[in-house]
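Encoded as structure tokens, the structure appears first; notes follow it.
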Amino acid sequence: MATVEERVKMVTARVLDLDPAGIKASDEFGADLGAESVQSIELVAMFEEEFGIEMDEDEALSVTSIGSAVEYITKVCKEQGAAI
Amino acid sequence: MRLILIEPSAAKRADFEPLSLSRPIWQLRCGMTSLGEKLIAKLRPAETACFVEPYMAAFLAESLTMKVNDPATLAGADLLLVNGRVKVTGFDVAPTGAGEIGVGDDGEVMYARLSKAEADKCKADTLEAFLAVAKKIVPVKTVNLPVWNYTWDLVLQCGEEITREFKARGRSGVEGTLEQPSAIRGDPKNVYIAPGAKIHPMVVIDAEHGPVYLDEKVTVHPFTRIEGPCFIGAGSILLGAKCREGNSIGPMCRIGGEVEESIVHGHSNKYHDGFLGHAYVGEWVNLGALTTNSDLKNDYSSVSVIMDGKRTVDTGSTKVGSLIGDHTKTSVGVLLNTGSYVGAMALIMATGQPLQKFLPSFAWLIDGHVTKGFGRKQLYATAAIAKSRRGAKWTPAEEAMWEAIFQLTAEPRDAAIQKGRKAMLRK
């Protein structure tokens, strides 16, 4: 089974139309990956679908990088009992 | 006599959504005034009080001078309780007299008239309990009063109502400033420009087919054409608008582009070009440049409206535009389909083609999909900014009301979000 980081990169690549192999944990969604505010909304929606979780909007949108997304999603999955 | 404005049943209130989500029915506008103001003008009560949905009571109490949901108002005076759906023009019940309760075919209380002595016998903690006792001590009769059934009824009746109220108010002439060259077509007696209103040069006021009432401190910029019947509320600004017949614009609005037979509540902006026709727009709405609504189907058939995401209502009219709830904002270039329901506190982005006809409250429509967006807290923050720009405050009671509305409107929104997710995944 893919890791949380691999799944985060896969979703990010699909939403932002990028090659997942080129995405690093340190990449910022906006500055490095070119995500606009509208795409941030889509990213949150697709992360929720991918992991079967519900994220608090304010918390989710304060996540700015792939690495911090992995941390946050891992935390939420544990809190909500979602398998990872 | 004390007038008590009361609400219809929840089911009937739902027929006025999304506008009724954040206000009682009697605060809806038609013509120059709200339905409640019409009742007050006709019945001339010594005082007025109201009973509203509990979730909006605290917010309304902040802005109204009348008492809200106060059981004490149900005693100590002759009372006339009137349902906000009742059309004032067909309400011929004497304000005082022998006690009686008029109900519709389905038992909905249309009015209740009680003497002070009768009212004092019905003492209760709630309106419902009060009416239950009242029905036992005064005659109850079935009545067939004319009533408002849907929001579009108000839109379709608006021009006629402006004409009636203009006549009743009995004002005409120029008390503000009418800069030249400007033109008044038709009978100048059909035009009233209130004190403080400024009409710039190159404005045409066409009162040939109905009166034009420009309230205090209205500003009309050059190249605006205003066709009567028309009412423009205090402090509103028309910016080179093609303001066609039948419009009622509330206070402090900014109106440009083409607007026809529409009602716009206060503090809403349609600053730029784009067509708005046969629409009802709530308060604090902002329609981005080139936002346009269709109000007529290409096959000229009757327009239907999807009221809660699944209940389709045939309006019986070939001309119905959009119903847009309070605090909703559209981006540039949004195209709204004929008879669109655009919920309150929504944020709508253009897709380049007409949008789906039902857009739930608190929706963030992105790329044609309903999403949760940045969440309702961000919407509240934006609403607070919008209000502060007009010197108004976003209050805790207001936020509490919107939190209740968020819960009330969850079901169709959640369904639309799920549908949007599936569409995103298919991309």
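The values are calculated or read from the model by the stated rules, or taken from the named source; none is laboratory data. Given the structure is predicted, the values throughout are model-derived calculations rather than measurements. Counting neighbours? That spans all protein chains shown, and the Cβs are built from the backbone with ideal geometry, glycine included. Please note that ligands, DNA and RNA were not included when accessible areas were found on the heavy atoms of the full protein model with its side chains. Shrake-Rupley method; radii C 1.70, N 1.55, O 1.52, S 1.80 Å.
Couple of notes before you dig in:
- Applying Stokes-Einstein at 4 °C and 1.567 mPa s to the Kirkwood radius of chain A, computed over alpha-carbon pairs, gives a translational diffusion coefficient of 103 µm² s⁻¹.
- Cβ-derived FRET efficiency at R0 60 Å, A:LYS24 paired with B:SER302, nearest 0.05: 0.55
- Principal axis dimensions, the protein assembly as shown - Cα atoms, whole angstrom, descending: 81, 64, 45
- Packing-based order for B:279-285, B:184-190, B:103-109, using average beta carbon neighbours within 10 Å, highest first: B:279-285, B:184-190, B:103-109
- Under the convention that each Lys and Arg Cβ holds +1 and each Asp and Glu Cβ holds -1, the size of the dipole of segment B:1-120 around its Cα centre is about 400 debye.
- Solvent-accessible area per residue in chain B equals 40 Å², computed with a 1.4 angstrom probe and all protein chains kept.
- Chain B - mean residue ellipticity at 222 nm from DSSP helices (-39,500 (n - 2.57) per run, n ≥ 4, rounded to 500): -7500 deg cm²/dmol
- Shape of segment B:344-399, Cα gyration tensor, a/c cut at 1.5: prolate
- In this simple spin-label approximation, B:ALA400 and B:THR142 carry label points 7 Å from Cα along the Cα→Cβ vector, and these lie 4.1 nm apart.
- For B:GLU208 and A:MET10, the FRET efficiency from 1/(1 + (r/R0)^6), where r spans their Cβ atoms and R0 equals 51 Å, is about 0.15.
- Residue of B:GLY309, B:GLY288, B:GLY76 that the Gaussian network model of chain B assigns the largest fluctuation, springs spanning Cα pairs under 10 Å: B:GLY76
- Rolling a 1.4 Å probe over the protein heavy atoms leaves B:GLU208 with an accessible area of roughly 90 Å².
- Computed from the Cα positions only, the extents of segment B:292-409 along the three principal axes stand at 47, 27, 27 Å, in decreasing order.
- Counting, for every residue in A:40-48, the Cβ atoms of other protein chains within 10 Å of its Cβ and taking the mean gives 5.
- A:THR64 versus B:GLU47: modelled label distance in nm, points set 7 Å from Cα along the beta carbon direction: 5.7 nm
- The mean number of partner chain beta-carbon atoms within 10 angstrom of a residue's beta-carbon across peptide B:360-372 is 2.
- Note on B:ALA415/B:ALA10: beta-carbon distance plugged into 1/(1 + (r/R0)^6) with R0 of 22 Å gives a FRET efficiency of 0.65.
- Here is the list for segment B:180-240: chymotrypsin sites (Phe, Trp or Tyr not before Pro) lying in DSSP coil, each with at most 15 other C-beta atoms within 10 angstrom of its C-beta, are B:PHE223.
- Cα centroid separation, segment B:349-396 to segment B:101-143 (Å): 41 Å
- Protein accessible area in segment B:19-116, 1.4 Å probe - carbon and sulfur %: 51 percent
- Max mean-square fluctuation residue, GNM over chain A, Cα-Cα springs under 10 Å, options A:SER65, A:SER26, A:SER40: A:SER26
- Degrees, to the nearest 10: A:4-16 long Cα axis against longest axis of chain A: 50 degrees
- Cα-based shape type of segment B:152-426, given that a ≥ b ≥ c are square roots of the gyration tensor eigenvalues and the cut on a/c is 1.5: prolate
- Counting every pair of alpha carbons in segment B:258-338, the share spaced more than 18 Å apart comes to 39 percent.
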